[in-house]
Amino acid sequence: MNNQELKNLIEKYLNGTLAPSEAAQLEQWLDTTGDEHAFDAMPEAEKETARKEGYNRLVQRINKHRQPVVIKNRFRYWKAAACIAGIAVAGALFRKPMLDVVAPHRLVSLQSTPGSPKKHILSDGSIVWLKGNSKLVFPAGFGAGNREVVLQGEALFEIAKDPQHPFLVKCGPLITTVLGTSFNIRETGKETQVTLLTGKIALSAPQSAPLVLYPEQQAVYSSTATAIRKKEEGALPFSDITKGTEYDMAFNDATMQQVLKRIEDKFEVNIQLQDAVINSNLITADFTDQSLQHTMEMISQALNLDFGIKGKTILLKQKK
């Protein structure tokens, strides 16, 4: 496939007019080409044209609220979207925003290496700390159904509360179902350990009776025994489970500056103070396992403040 043919397919994709036969042609090309490096291989003139035309057509599609054509294979669809985003928008600056619009339900993988946990905030506001040599596969944006992710290894989850959309973590045959809570899952190869920090979760697996866990309880699932059992003793201390994360948000006579810095780091936001006097307050409170919204509501209520959240920026000011 030459550059002009590829550009024609991209144009049809962005217009929502890609025929099934052309989608198959694009799939075949992706299977024989390094998709993530396709843009780099194009001549500079072709790159510039693709960049301008692709981005302009993306803006038009956003304004018209059109839906992308779904390529039949879910994983190949992800590859196609990634390739098209790279060619149409030319690089990392626009690639992710375009993918989030064109293919919001594409699967994304996050890999960690031994050392400090790797934090990621999911599209629903849930926070995941991926530990050790672990991998998490999740959709870039959760749809109208259940929120489902797949874990290999170990992770600490702090799930945003949403009773209408249960959160499911699939770790081998074991499925952990939650509505809004915090827990740790550790897969060792021989067994999977689940430790509940707050809330309530339900565990299920093939050929095993389901089990409900409550705070400070731990369960173990062994694929050889094909059973989920509650562990009565020997559970890891919470301090070991939360080590290296920003899970613990308890403060005792902490300065407002310290508290806001921790909130900024945990939720990856920027908090701006309209009144410098706010920093003179001392806070004793526990914001552990609270969402960003609820955390700011608690602080504002206690200190008689107003706040507004716009994207990743929070404005905090004294009530008049």
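The values are calculated or read from the model by the stated rules, or taken from the named source; none is laboratory data. Quick caveat, the model's predicted, so the values are computed rather than measured. Note that we place each Cβ from the backbone using ideal geometry, even for glycine, and neighbour counts take in every protein chain shown. Side chains are part of the model used for accessible areas, which takes the heavy atoms of the whole protein and leaves out ligands, DNA and RNA. Shrake-Rupley method; radii C 1.70, N 1.55, O 1.52, S 1.80 Å.
Loop-located GluC sites (Glu not before Pro) in the range 182-242 (DSSP state other than H, G, I, E, B) with a sparse environment of at most 10 neighbouring Cβ atoms within 10 Å: Glu232, Glu233.
Annotation: per residue accessible area for the range 128-274 equals 47 Å², rounded to a whole number [probe 1.4 Å, protein chains only].
On full extension of the chain, what length is gained from His294 through Asp162, given 0.36 nm per residue of separation minus the C-alpha to C-alpha distance? Provide the component values of the computation, followed by the final result.
Working: separation 132, 0.36 × 132 = 47.52 nm, distance 1.36 nm.
Between His294 and Asp162, full extension yields an extra 46.2 nm.
Compute the relative contact order of the range 193-320 as a whole-number percentage, counting only Cα pairs closer than 8 Å that sit 6 or more residues apart in sequence. Could you put the intermediate results ahead of the total?
Details: 181 pairs, mean separation 23.0, N = 128.
Relative contact order here is 18 percent.
If you keep only loop residues by DSSP, which trypsin sites (Lys or Arg not before Pro) in the range 165-254 have at most 10 other Cβ atoms within 10 Å of their Cβ? Spell out each step's value before the answer.
Details: sites: Lys170, Arg186, Lys190, Lys200, Arg229, Lys230, Lys231, Lys243; in loops: Lys190, Lys200, Lys243.
Counting only loop positions with at most 10 other Cβ atoms within 10 Å, the trypsin sites (Lys or Arg not before Pro) in the range 165-254 are Lys190.
Looking at the range 237-283, the GluC sites (Glu not before Pro) that sit in a DSSP loop and have at most 13 other Cβ atoms within 10 Å of their own Cβ are Glu268. Strictly over 18 Å apart at the Cα level, which of Lys118/Lys243; Lys243/Lys266; Lys261/Lys317; Lys170/Lys266; Lys266/Lys312 would you flag in this model? Cα-Cα > 18 Å for Lys170/Lys266; rest within. Spin-label model, Lys317 to Asn270: label points 7 Å out along the Cα-to-beta-carbon direction sit 1.8 nm apart.
When both the range 213-283 and the range 160-180 are represented by their alpha-carbon centers, they are found 19 Å apart. Taking a ≥ b ≥ c as the square roots of the eigenvalues of the alpha carbon gyration tensor, the range 276-320 is oblate, as a/c is not under 1.5 and a/b does not beat b/c.
Report in % the part of the accessible area of the range 173-230 that belongs to carbon and sulfur, leaving out ligands and nucleic acids; probe 1.4 Å. List each step's numbers first, then the result.
Working: 1430 of 2660 Å².
With neighbouring chains kept in place, the figure for the range 173-230 is 54 percent.
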